[in-house]
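A.B. asks: My structure is below; once you've seen it, I'll send some questions.
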Amino acid sequence: MAKLFINEKNKKGHINAELYGNFSEHLGRCIYEGIYVGENSDIPNTNGMRNDVVAALKEMKLPVLRWPGGCFADEYHWKDGIGPKETRKKMVNTHWGGVTEDNSFGTHEFLELCGQLGCKTYINGNVGSGTVQEMSEWVEYMTFDGVSPMSELRKKNGHEKAWKVDYFGVGNENWGCGGNMTPGYYANLYRRYQTYVRVYDSNKPIFKVCGGPNAGDAYWTEEVLKTCFENVPKESHGLMNGLSMHYYTVPGDWSVKGSATEFDDKEWYKTLSKALYIESLINMHGGIMDKYDPDKKIGLIVDEWGTWFDCEPGTNPGFLYQQNTMRDALVAGLSLNVFNKHCDRVKMANIAQLVNVLQAVILTDGPKMLLTPTYHVFHMYKHHQDAELVDSFIEGVRTIGEEEEYMVPSLQESASIDKDGVITITINNLSTKDSEDMEIAFAELKPSEVTSAILTNEAHAHNTFENPDKVKETEFKDFTVTDKGISFKLPACSVIQFRVK
Ligand code: AHR
């Protein structure tokens, strides 16, 4: 028997909706086919955006979307993607499959997409191969409402009013694909480039994201922060609002990552253990940030995370198309619980990537679309968005796994309370075999209204275009409510959500 204690009286911080963000790069079939099919497509669309995909993402309550990369961002020249489509410059997407990019999806299309989704906008600028002027003019083009060369150009291209850019990333992975820089060199460029990311309207602040470390690279974090904090007023917080971090869960190594659908129990636990490592990374980089920013004014922005497997056999290796099983659902469930619990420092997270790439929430095949197990987790967790984290702890957690190095807890949870006093609890059962008898107890609350949803199946289960609903969220009714709390049996290999009043 495991007992989950929730102290709903002890609020521990605000869970930014943006922890449930996503990422869309010009990579494989993410943008083209996955989101944008063009106005003349037979696939039902609104201004070129697939209606089925947009509706599913709205239902999932997508809060923020990052674009255009990734590695693509540091090769992207935004002026190639504006104006009449027939005159837009074609380029080679060198990072991702060497395919021709016709730039038919550009700034206007991305901001139209976010408008349809009702989500916040996160644009990633080009430091690796772009100039300060180019970055500065992009911001002016998108956000300046007065009279200026860029605002006039925007109007000429059919958009009268300025858009709102909520987040702006100054480069991407500049330690690697974004220019192979040293931290000191990048940090100086960051200082310079961000100066010209002008906020034209004080009612529309732009949250500036500085390029942070890859996984456990503490040296990068330390050096970047040291340089950015040097000789700047204390109140400017190193000239940044956020510092990014990227971490991918790869069961094998980068040459043989492992199959998305074929794995044994050993690889299951290894994957989950590697996914949970993200908490150590948050603690480690958060610790370095605490030295410079003890008041936690700078957010840790986990703007790329998720599973990365070998791509599906027979698909273009540069397109990073992978299937998505219950193992991905557990990786998502665990990671989102970790982000919730670290909401004092983690202010945004963007799973990679939205459609058809890596740990996607949606897969498409021509006019067909399916929701992956990962989608259902985001859907079940959406009630945490903008709620307050509350104290929670599970007594009776066992350590399970098959290799000493990759043991995991049998259960993991987080809980929050929203503005209407509804408590959302999300729990993961990491075991492939063992169900758990569980009880939830509250500090004071005597539950009067309880609803629950569950995602559970065999570890390898996934959705295909032939069987798109094999893994899906269902209502869970098999619990009893008493004065003391809620009791139930949690099936093996499951993600469960309770909503309690
Ligand atoms: O998400 C795929 C790639 O992974 C991104 O382009 C890059 O930033 C990271 O290395």
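A.B. asks: Past 18 Å, Cα to Cα, is the threshold; run Lys85/Lys155; Lys11/Lys419; Lys120/Lys208; Lys341/Lys382; Lys9/Lys489; Lys257/Lys347 against it and keep the listed order.
C.D. replies: Working: Lys85/Lys155 16 Å; Lys11/Lys419 12 Å; Lys120/Lys208 14 Å; Lys341/Lys382 15 Å; Lys9/Lys489 26 Å; Lys257/Lys347 29 Å.
With Cα atoms farther than 18 Å apart: Lys9/Lys489; Lys257/Lys347.
A.B. asks: Within the range 339-409, which trypsin sites (Lys or Arg not before Pro) sit in a loop by DSSP and count at most 16 neighbouring Cβ atoms inside 10 Å? Spell out each step's value before the answer.
C.D. replies: On the way: sites: Lys341, Arg345, Lys347, Lys368, Lys382, Arg398; in loops: Arg345, Arg398.
Within the range 339-409, the qualifying trypsin sites (Lys or Arg not before Pro) (loop, at most 16 other Cβ atoms within 10 Å) are Arg398.
A.B. asks: Calculate the dipole size of the chain relative to its Cα centre from +1 charges on Lys and Arg beta carbons and -1 charges on Asp and Glu beta carbons; express the result in debye to the nearest 20. Show your work: numbers first, answer last.
C.D. replies: On the way: 51 positive and 70 negative charges, 259 e Å.
Here the chain has a charge dipole of around 1240 debye.
A.B. asks: I would also like to ask the following. Got a number for the accessible area of Tyr381? Probe 1.4 Å, square angstrom, nearest 10.
C.D. replies: My reading of the accessible area for Tyr381 is about 0 Å².
A.B. asks: In the chain, how does Rg compare with the Kirkwood Rh, expressed as the Rg/Rh ratio over alpha carbon atoms?
C.D. replies: 0.96
A.B. asks: Quick one: helix 265-292 against the long Cα principal axis of the chain, what's the angle to the nearest 10°, folded into 0 to 90?
C.D. replies: With rounding to tens, the tilt is 60 degrees.
A.B. asks: A further question follows. If you count the DSSP beta bridges with both ends in the range 16-386, what percent of them are antiparallel, to the nearest 5? Spell out each step's value before the answer.
C.D. replies: Details: 10 of 43 bridges.
Antiparallel bridges make up about 25 percent of those DSSP assigns within the range 16-386.
A.B. asks: Relative to the longest principal axis of the C-alpha atoms of the chain, give the angle of the C-alpha long axis of helix 218-229, reported between 0 and 90° and rounded to the nearest 10°.
C.D. replies: Compared with the principal axis, the helix lies near 50 degrees.
A.B. asks: In whole percent, how big is the carbon plus sulfur part of the accessible area of the chain, probe 1.4 Å, protein atoms only?
C.D. replies: Numbers: 9420 of 19210 Å².
So the carbon and sulfur contribution to the accessible surface is 49 percent.
A.B. asks: Once the dipole of the chain is set up with Lys and Arg at +1 and Asp and Glu at -1 on Cβ about the Cα centre, which of Val54, Gly252, Tyr277 lies farthest towards its positive end?
C.D. replies: Val54
A.B. asks: Here is a further query. What's the local net charge at Lys90, with K and R +1, D and E -1, over the other residues with C-beta under 10 Å away?
C.D. replies: Values: positive: Arg88, Lys89; negative: Asp80, Glu101, Asp102.
Around Lys90, the surrounding residues sum to -1.
A.B. asks: How tilted is helix 51-60 with respect to the longest principal axis of the chain? Cα atoms for both, answer in degrees (0 to 90, nearest 10).
C.D. replies: 50 degrees
A.B. asks: Another question, if that's okay. Distance from the Cα centre of the range 62-127 to that of the range 209-278, in angstrom?
C.D. replies: If we compute the Cα centre of each part, the gap is 24 Å.
A.B. asks: Tally Lys and Arg at +1 and Asp and Glu at -1 over the other residues with C-beta under 13 Å from the C-beta of Ile423: what net charge comes out? Spell out each step's value before the answer.
C.D. replies: Numbers: positive: Lys9, Lys11, Lys419, Lys446, Arg499, Lys501; negative: Glu8, Glu388, Asp391, Glu413, Asp418, Asp420, Glu444, Glu449.
Computed value for this residue: -2.
A.B. asks: A further question follows. Tell me, what is the percent relative contact order of the range 211-307, built from C-alpha pairs under 8 Å that lie six or more residues apart? Working shown, then result.
C.D. replies: Working: 106 pairs, mean separation 40.2, N = 97.
With pairs under 8 Å counted, the relative contact order is 41 percent.
A.B. asks: To continue, here is another question. Subtract the Cα-Cα distance of Asn231 and Asp365 from 0.36 nm times their separation in residues, and report this length gain in nm to one decimal. Each step should come with its number before you reach the end.
C.D. replies: On the way: separation 134, 0.36 × 134 = 48.24 nm, distance 5.33 nm.
This chain segment gains 42.9 nm when fully extended.
A.B. asks: Which value in Å does the Kirkwood hydrodynamic radius of the range 81-195 take, with 1/r averaged over all unlike C-alpha pairs and then inverted?
C.D. replies: Values: mean 1/r = 0.0642 Å⁻¹.
In the range 81-195 this quantity evaluates to 15.6 Å.
A.B. asks: What accessible area per residue comes out for the chain, rounded to a whole number of Å², with a 1.4 Å probe? List each step's numbers first, then the result.
C.D. replies: Working: 19210 Å² over 501 residues.
That works out to 38 Å² per residue.
A.B. asks: Cysteines of the chain lacking any other cysteine beta carbon under 4.7 Å?
C.D. replies: Those would be Cys30, Cys114, Cys119, Cys210, Cys228, Cys311, Cys343, Cys493, since no other cysteine Cβ in the chain comes under 4.7 Å of theirs.
A.B. asks: Heads up, I need the accessible area for Lys472: 1.4 angstrom probe, whole protein in place, Å², nearest 10.
C.D. replies: The accessible area comes out at roughly 90 Å².
A.B. asks: Follow-up. At a probe radius of 1.4 Å, what is the per-residue accessible area of Phe5, in Å² to the nearest 10?
C.D. replies: 80 Å²
A.B. asks: Could you work out the helix-only [θ] at 222 nm for the chain, with each DSSP H run of four or more residues adding -39,500 (n - 2.57) and the total divided by the number of residues, to the nearest 500 deg cm²/dmol? Show your work: numbers first, answer last.
C.D. replies: On the way: 9 runs with 119 residues, N = 501.
Here the helix-only value at 222 nm equals -7500 deg cm²/dmol.
A.B. asks: Sticking with this one: Over the chain, what is the mean sequence separation of C-alpha contacts under 8 Å (at least six apart), divided by residue count, expressed as relative contact order in percent?
C.D. replies: Numbers: 1167 pairs, mean separation 97.0, N = 501.
Result for the chain is 19 percent.
The values are calculated or read from the model by the stated rules, or taken from the named source; none is laboratory data. A quick note: this is a predicted structure, and the numbers were derived from the prediction, not measured. Positions of Cβ are backbone-derived with ideal geometry, glycine not excepted, and every protein chain shown enters the neighbour counts. Surface areas here come from the heavy atoms of the whole protein model, side chains and all, with no ligands, DNA or RNA. Shrake-Rupley method; radii C 1.70, N 1.55, O 1.52, S 1.80 Å.
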